[in-house]
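The values are calculated or read from the model by the stated rules, or taken from the named source; none is laboratory data. As the structure is a computational prediction, the values presented were derived from the model and not from experiment. Note that each Cβ is placed from the backbone with ideal geometry, even for glycine, and that neighbours are counted across all protein chains shown. Remember, those area values only see protein heavy atoms, side chains included, never the ligands or the DNA or RNA. Shrake-Rupley method; radii C 1.70, N 1.55, O 1.52, S 1.80 Å.
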Amino acid sequence: MRLAGMLATRSTCSRLQVGAVVASPDMREIFAVGYNGGPVGGFNDCLSEEPGRCGHAHAEDNACNFAPARVPKIMLVTHFPCPACCVRIVNKLGFEKVYYQQVYRDLAGLEILENAGITVAQLEPCIEG
Ligand SMILES: [Zn+2]
Ligand SMILES: [Zn+2]
(Lines give C-alpha, C1' and ligand atoms only; values in the text may rest on other atoms or scores of the structure.)
(Ligands and ions follow the chains in the order given, each with its own letter.)
Protein backbone atom coordinates (compact mmCIF):
# COMPACT_ATOMS: atom_id res chain seq x y z
CA MET A 1 0.00 0.00 0.00
CA ARG A 2 2.96 2.28 0.66
CA LEU A 3 4.08 1.60 -2.91
CA ALA A 4 0.67 2.67 -4.26
CA GLY A 5 1.05 5.91 -2.32
CA MET A 6 4.50 6.49 -3.78
CA LEU A 7 3.23 5.85 -7.30
CA ALA A 8 0.46 8.38 -6.79
CA THR A 9 3.06 11.10 -6.30
CA ARG A 10 4.33 10.45 -9.85
CA SER A 11 1.00 11.50 -11.32
CA THR A 12 0.93 14.87 -13.06
CA CYS A 13 -2.84 15.23 -12.70
CA SER A 14 -3.79 18.50 -11.03
CA ARG A 15 -7.12 17.13 -9.81
CA LEU A 16 -6.25 13.88 -8.12
CA GLN A 17 -3.17 11.71 -7.84
CA VAL A 18 -3.89 8.02 -7.74
CA GLY A 19 -1.56 5.04 -7.53
CA ALA A 20 -2.39 1.38 -8.09
CA VAL A 21 -0.49 -1.88 -7.65
CA VAL A 22 -1.45 -5.30 -9.00
CA ALA A 23 0.11 -8.11 -6.97
CA SER A 24 -0.21 -11.83 -6.35
CA PRO A 25 -2.75 -12.68 -3.60
CA ASP A 26 0.08 -13.35 -1.12
CA MET A 27 1.65 -9.98 -2.13
CA ARG A 28 5.00 -11.63 -2.80
CA GLU A 29 4.96 -10.77 -6.47
CA ILE A 30 4.11 -7.46 -8.12
CA PHE A 31 2.62 -7.86 -11.58
CA ALA A 32 2.00 -4.27 -12.57
CA VAL A 33 1.86 -0.74 -11.24
CA GLY A 34 0.12 2.38 -12.47
CA TYR A 35 -0.71 5.98 -11.73
CA ASN A 36 -3.07 8.31 -13.50
CA GLY A 37 -1.55 10.16 -16.42
CA GLY A 38 -1.55 10.93 -20.14
CA PRO A 39 -0.75 8.61 -23.06
CA VAL A 40 2.68 6.99 -23.30
CA GLY A 41 5.04 9.61 -24.71
CA GLY A 42 2.21 12.13 -24.87
CA PHE A 43 0.87 15.01 -22.83
CA ASN A 44 1.38 15.09 -19.08
CA ASP A 45 -0.67 18.04 -17.91
CA CYS A 46 -4.44 17.90 -17.64
CA LEU A 47 -6.25 18.81 -20.87
CA SER A 48 -9.14 20.29 -18.94
CA GLU A 49 -9.82 21.36 -15.36
CA GLU A 50 -13.37 20.05 -15.62
CA PRO A 51 -14.07 16.98 -13.47
CA GLY A 52 -13.75 13.79 -15.50
CA ARG A 53 -12.46 15.60 -18.58
CA CYS A 54 -8.78 15.98 -17.85
CA GLY A 55 -7.90 13.30 -20.41
CA HIS A 56 -5.82 11.25 -18.03
CA ALA A 57 -6.08 7.46 -17.96
CA HIS A 58 -6.80 6.15 -14.49
CA ALA A 59 -4.17 4.42 -12.36
CA GLU A 60 -6.24 1.22 -12.16
CA ASP A 61 -6.63 1.23 -15.94
CA ASN A 62 -2.90 1.74 -16.49
CA ALA A 63 -2.05 -1.02 -14.03
CA CYS A 64 -4.51 -3.38 -15.73
CA ASN A 65 -2.75 -2.82 -19.05
CA PHE A 66 0.29 -4.66 -17.78
CA ALA A 67 -1.37 -7.14 -15.44
CA PRO A 68 -1.78 -10.75 -16.56
CA ALA A 69 -5.36 -11.88 -17.28
CA ARG A 70 -6.81 -15.05 -15.77
CA VAL A 71 -4.17 -15.17 -13.04
CA PRO A 72 -5.14 -14.92 -9.37
CA LYS A 73 -4.29 -11.39 -8.24
CA ILE A 74 -5.25 -8.46 -6.07
CA MET A 75 -5.24 -4.70 -6.52
CA LEU A 76 -4.12 -2.07 -4.05
CA VAL A 77 -5.22 1.43 -4.93
CA THR A 78 -5.05 4.76 -3.13
CA HIS A 79 -8.61 5.77 -4.06
CA PHE A 80 -11.69 3.63 -4.61
CA PRO A 81 -11.96 2.86 -8.36
CA CYS A 82 -14.58 4.62 -10.51
CA PRO A 83 -17.32 2.42 -12.07
CA ALA A 84 -15.48 2.20 -15.44
CA CYS A 85 -12.32 0.99 -13.72
CA CYS A 86 -14.34 -1.52 -11.69
CA VAL A 87 -15.62 -2.99 -14.96
CA ARG A 88 -12.05 -3.08 -16.24
CA ILE A 89 -10.93 -4.92 -13.08
CA VAL A 90 -13.72 -7.48 -13.41
CA ASN A 91 -13.06 -8.06 -17.11
CA LYS A 92 -9.36 -8.65 -16.50
CA LEU A 93 -10.43 -11.93 -14.86
CA GLY A 94 -8.66 -13.32 -11.81
CA PHE A 95 -8.88 -10.38 -9.40
CA GLU A 96 -9.78 -11.70 -5.96
CA LYS A 97 -9.53 -8.58 -3.83
CA VAL A 98 -9.39 -4.83 -4.13
CA TYR A 99 -7.86 -2.88 -1.25
CA TYR A 100 -8.36 0.87 -1.24
CA GLN A 101 -7.49 3.68 1.12
CA GLN A 102 -9.81 6.57 0.37
CA VAL A 103 -13.28 6.98 -1.00
CA TYR A 104 -13.31 9.22 -4.06
CA ARG A 105 -16.68 10.67 -5.18
CA ASP A 106 -18.73 7.57 -4.40
CA LEU A 107 -18.77 3.83 -4.08
CA ALA A 108 -20.91 3.27 -7.17
CA GLY A 109 -18.51 0.65 -8.47
CA LEU A 110 -18.70 -1.43 -5.30
CA GLU A 111 -21.64 -3.45 -6.55
CA ILE A 112 -19.83 -4.17 -9.83
CA LEU A 113 -16.91 -5.70 -7.96
CA GLU A 114 -18.99 -7.58 -5.41
CA ASN A 115 -21.32 -9.01 -8.04
CA ALA A 116 -18.23 -10.45 -9.71
CA GLY A 117 -17.18 -12.11 -6.45
CA ILE A 118 -14.34 -9.70 -5.74
CA THR A 119 -13.78 -8.86 -2.07
CA VAL A 120 -13.39 -5.15 -1.33
CA ALA A 121 -11.66 -3.85 1.79
CA GLN A 122 -10.62 -0.42 3.01
CA LEU A 123 -7.15 -0.03 4.50
CA GLU A 124 -6.04 2.78 6.73
CA PRO A 125 -3.71 5.13 4.89
CA CYS A 126 -0.19 4.40 6.03
CA ILE A 127 1.44 6.99 8.23
CA GLU A 128 3.90 8.97 6.18
CA GLY A 129 7.13 9.62 7.92
ZN1 LIG B 1 -5.67 14.92 -14.94
ZN1 LIG C 1 -11.24 4.96 -12.94
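Calculated [222 nm] ellipticity per residue, helices only, for the chain: -6000 deg cm²/dmol; basis is -39500 (n - 2.57) per DSSP H run with n ≥ 4, divided by all residues, nearest 500.
Whole number in Å², please: accessible area per residue of the chain, 1.4 Å probe, ligands, DNA and RNA not counted.
On the way: 7210 Å² over 129 residues.
Ligands and nucleic acids excluded, the figure is 56 Å² per residue.
Note on L93: accessible area approximately 70 square angstrom, rounded to 10, probe 1.4 Å, nucleic acids and ligands left out.
Each residue of the range 8-16 was assigned a 3J(HN,Hα) from its phi angle through the Karplus expression (A = 6.51, B = -1.76, C = 1.60, θ = phi - 60°), giving 4, 5, 7, 5, 9, 6, 7, 8, 7 Hz with x at Gly and Pro.
At full extension, K97 and T12 could sit 27.9 nm farther apart than now, given 0.36 nm per residue minus the alpha carbon distance.
For the chain, what % of the accessible area comes from carbon and sulfur atoms, probe 1.4 Å? Mind showing how you got there, number by number?
Working: 3750 of 7210 Å².
About 52 percent, which is the carbon plus sulfur part of the accessible surface.
Quick one: check the C-alpha center-to-center distance for the range 5-65 versus the range 69-129, whole angstrom. Cα centroid to Cα centroid, the span is 14 Å.
So, by mean Cβ neighbours within 10 angstrom, what's the order for 18-27, 35-44 with the highest one leading? Don't jump to the answer; show the numbers that get you there.
Values: 18-27: 21.1, 35-44: 14.6.
The most tightly packed comes first, giving 18-27, 35-44.
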